[in-house]
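Here's the structure we're looking at; comments come further down.
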Amino acid sequence: MIVVDSHLDLAWNALNWNRDLTLPVEEIRRAEAEMDDYHRGANTVCFPELRRGEVAICLATVLARCTPVKEPLLDWSSQEIASAMGHGQRNYYRIMEEKGQMRMLRTADDIQAHLETWRKGSREAIGYILSMEGADPILSPDDAARWWEKGLRAVGLTHYGPGIYGHGTGGTDGLTPKGFEMLKVFEQLGMIVDATHLTDKGFWQVMESFQGRVLASHNNCRALVPGGRQFSDEQLKALIERGAVIGGVLDCWMLWPGYVRAQTDNSQIKLRMVTDHMDHICQLAGNATHIAIGSDLDGGFGKEQSPGDLETIADLQQISVILKEKGYSENDIEGVMHGNWVRFFTEAWRGA
Ligand SMILES: [Zn+2]
């Protein structure tokens, strides 16, 4: 079954981790086996595995920050450097397009045409919607318009730490004045705002001051896993009211209460757990039209911090099997695997 995955840091992996995503996963793991920096040699995502997992479409991110967290491979010393890194990642996608590995989708018609191509069996190019995790690479309101021209369609204002546009996960404050200004620009452009990685304060500021479309690319539920990285029921209800779709995420940290990186044994953490979060959102919504997959696989971790029963991204297919066992209808399963995202972007881009 065709899958849409709403959060993959493909270009970040390629450029900052120096990973050739056109290679088979075994080859990438072998190439990294001798590297001693963390999380190496255990990737789960590459183009061959995306094809094998029938991931026809993903939200492919630009990820480059300018925060005082100063995390290696993520934080840059000035916003200009972060912006240039972001453009480098965007260029990676463009080059992959020229090589036939990817296909940018920026309109509702693009999505329909791409799915038609896949259904006819031509599955070389992975469709991607260009998104941004943390808006630091956008230098100014005018620059937002330039990014839109280059295909950017969904932006989260923050990631971790205090960024240019607001505090991200782990922070206590909300948006900066520049964050509010950027929301106005996004509204005019039709840019979709990604609520993932906002602080609670920032989340409600976005909900109150932004009138455009909102989604949550990779987020689970606080009712099941406590912590500010997950949404409370009130936040989930607000997203549901706004017609958002919420991508369930597979980072063990967001699936297992009290998970400790590099300590908690991931073999006890199963793919099924992400479907518990989906169940919870369905209960709040009264339907299954707001849930989807936003795996975040290889988003700063590998197989060691993914559910123990996942070997590569191709195992996303197992989610449809689990949902069937749980009694979800065929229609609802298709919605989770791809249909809800396809509907969301089609409506957003047709102005429905
Ligand atoms: Zn993230």
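The values are calculated or read from the model by the stated rules, or taken from the named source; none is laboratory data. Because the structure is a prediction, the values reported are computed rather than measured. Glycine also receives a Cβ, built like all others from the backbone with ideal geometry; neighbour counts cover every protein chain displayed. Note: accessible area is taken over every heavy atom of the protein model, side chains too, but ligands, DNA and RNA are not part of it. Shrake-Rupley method; radii C 1.70, N 1.55, O 1.52, S 1.80 Å.
Structural remarks
- Each residue in segment 198-223 was checked for being within 24 Å of His338 (Cβ to Cβ) and assigned to a loop (DSSP other than H, G, I, E, B), and 6 of them qualify.
- Selection within segment 153-178: residues that are under 17 Å from Glu208 (Cβ atoms) and in a loop (DSSP other than H, G, I, E, B). The member of this set that is nearest to the ligand (Cβ to nearest atom) is Thr158.
- Of residues in segment 179-195 being open to solvent by less than 20 Å² (accessible area, probe 1.4 Å) and not hydrophobic (A, V, I, L, M, F, W, C), the one nearest to the ligand (Cβ to nearest atom): Asp194
- Close pairs from segment 199-225: first closer than 22 Å to Met273 by Cβ and of a type in the set (Gly, Ala, Ser), partner part of a loop (DSSP other than H, G, I, E, B) and within 16 Å of the ligand (Cβ to nearest atom), Cβ under 7 Å, at least 6 apart: Ala216/Ala195; Ala216/Thr196; Ser217/Thr196; Ser217/Gly294
- Among the residues of segment 299-351, just one is at pLDDT below 95, open to solvent by less than 70 Å² (accessible area, probe 1.4 Å) and either farther than 28 Å from Ala42 by Cα or among the aliphatic types (A, V, I, L, M) (or both), namely Gly351.
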